[in-house]
1. Tally up the residues in segment A:148-186 that are outside any helix (DSSP H, G or I) and within 15 Å of B:ASP103 (Cβ to Cβ), please.
2. Quick check on segment A:146-161. Is at least one of its residues in contact with a strand residue (DSSP E or B) (Cβ under 7 Å, 6 or more places away or on another chain) and either more than 22 Å from A:ILE37 (Cα to Cα) or open to solvent by 40 Å² or more (accessible area, probe 1.4 Å) (or both)?
3. Looking at (1) within 21 Å of A:ILE153 (Cβ to Cβ); (2) surrounded by fewer than 21 Cβ atoms within 10 Å (Cβ to Cβ), find the lone condition where A:ALA44 falls short.
4. Mind listing whichever residues of segment A:125-145 are surrounded by fewer than 23 Cβ atoms within 10 Å (Cβ to Cβ) and assigned to a loop (DSSP other than H, G, I, E, B)?
5. Hey, could you check segment A:63-85 for residues that are more than 21 Å from A:GLU148 (Cβ to Cβ) and open to solvent by 30 Å² or more (accessible area, probe 1.4 Å) and say which is modelled with the highest pLDDT?
6. Kindly indicate whether any position in segment A:34-49 is modelled with pLDDT of 90 or more, assigned to a helix (DSSP H, G or I), outside the structural domain of A:PRO149 (by TED's automatic domain parsing) and over 29 Å from A:ASP84 (Cα atoms).
7. Within segment B:123-220, which strands (runs of 3 or more DSSP E) (wholly inside it) include 3 or more residues that are under 21 Å from B:GLY63 (Cα atoms)?
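The values are calculated or read from the model by the stated rules, or taken from the named source; none is laboratory data. Quantities reported herein were computed from a predicted structural model and do not represent experimental measurements. Every residue, glycine as well, gets a Cβ built from its backbone with ideal geometry; the counts of neighbours run over all protein chains shown. Quick note on the areas: whole protein, heavy atoms, side chains included, nothing else; ligands and nucleic acids left out. Shrake-Rupley method; radii C 1.70, N 1.55, O 1.52, S 1.80 Å.
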Amino acid sequence: MLDDEEIIALFFSRSERAIQELDIKYGRVCQKLSYNIVNNRQDAEECVNDAYLSAWNAIPPAKPDPLHSYICKIVRNISLKRYDYKKAAKRDSVYEIAMHEIEDSLSAPDTVEAEIEAKELAGIIENFMETLSVENRVIFMRRYAYMEPYSDISARVGLSEKTVSVRLTRIRQKMRRYLIEREVFL
Amino acid sequence: MNKMKFAEAMSMVDDRYYEEAENYQRKDGKRTVKRPLMLAACLVMSLAFCGFAYMASVYWGSGPADGSSFEELTKPFGTISEDENAFTEVEDSAWTRSELISDYSSVYADHSAMYDLNGNAIPSVYFSPAWMVIFAQEDGAGMRLDSGDTVTFDYVLKNKQSLEIEMGYILNGQYYELSKALGSHNETVFQADEAGEYYFCLTNRSSTNAVIDHGSITKH
């Protein structure tokens, strides 16, 4: 398996092997991430292929470092768009469940405040995550960035599913307080 | 709309959070069934090779810090001491987990000791790695809190020890982590989400004895 720099070099030399190596190294992660959002194998595969094409078109001039999060974010965005497009269908993906559970933490009292921009919100979420322990931050990211089910998070961090569930509940409560204290109304 | 914006924002958070979540490895043996077994095996071997006198020679466990020098309390494990008082400390230490916690799957500590608060002041105590010290009222009860009550929980380590200490509390048999910090002191403000009997506690996540100089648990 090539390292990131070697894969990037293949992109720069316009070698189609770049896609193959990217798929070998991150294909499984991307497929899983996409599937957790779109809840359909075929759609997930198409999203990942679209993400590879986006990467092919963007590199060069882009030279992402780290490559992993770069491709994951592309997969995530494409999968979210795909999901929105087909949202009239089933609502039982991990993404839908994860977003449903966090919705209460985002709701705010009636306000005339202007809505916050996503980019600004991302910065606030980053600041919030800095208040968490590494373990809790990983749990939060695995759930709401990678859209993983409790069982997968549990296996990754070595906690029971119940404990992961309790941790996430408390993290969401903490985030709600954090957003309200900063008058962030979504 | 809220959740869509949140989802969009999560795509924009810095790469390092994605990398951290992807590369996270739980600590060896942490929170697995094997950990207590391995610790037990190590303990048995230690006793077999060194004899019980070795265990008695260091301040392994937890106890009041008053009356012993800081140097003695934090002496590296394996250093032979002639201090006979240490023997008492080891004997008094309970090699058991607190029964206040029913589910240890998310708890780092393998041992615990309970201490009385002096009003809202935390007593000066020492506690070894993987030990949890739990603070209670004189009658052994926890702190009664109503939903919305706020508590400030702080501690300061002696002689500016810089160690990783985890702050947490126990409620209804479940342990909850509040914060974890590497340093000589920490303070956290906690708001109760539900009414109940809260036991606040500290866990030593470093590799040497921690000695609390002072601290407090104050309900506002």
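1. Number of matching residues: 3.
2. No: zero hits.
3. Looking at each condition in turn, A:ALA44 falls short on (2).
4. A:THR131, A:LEU132, A:SER133
5. In this case the residue turns out to be A:LYS63.
6. There is no residue in segment A:34-49 that is modelled with pLDDT of 90 or more, assigned to a helix (DSSP H, G or I), outside the structural domain of A:PRO149 (by TED's automatic domain parsing) and over 29 Å from A:ASP84 (Cα atoms).
7. The qualifying strands (runs of 3 or more DSSP E) are B:125-127, B:131-136, B:150-157, B:163-171, B:196-204, B:210-219.
One line per residue, one yes/no per condition, for (1) facing chain A (nearest Cβ under 10 Å); (2) surrounded by 20 or more Cβ atoms within 10 Å (Cβ to Cβ); (3) in contact with a helix residue (DSSP H, G or I) (Cβ under 9 Å, 6 or more places away or on another chain); (4) within 15 Å of B:ILE101 (Cβ to Cβ):
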position: B:PHE153; (1), (2), (3), (4): no, yes, no, no
position: B:VAL156; (1), (2), (3), (4): no, no, no, no
position: B:TYR169; (1), (2), (3), (4): no, yes, no, yes
position: B:GLN174; (1), (2), (3), (4): yes, no, yes, yes
position: B:ALA181; (1), (2), (3), (4): yes, no, no, no
position: B:SER184; (1), (2), (3), (4): no, no, yes, no
position: B:VAL189; (1), (2), (3), (4): no, no, no, no
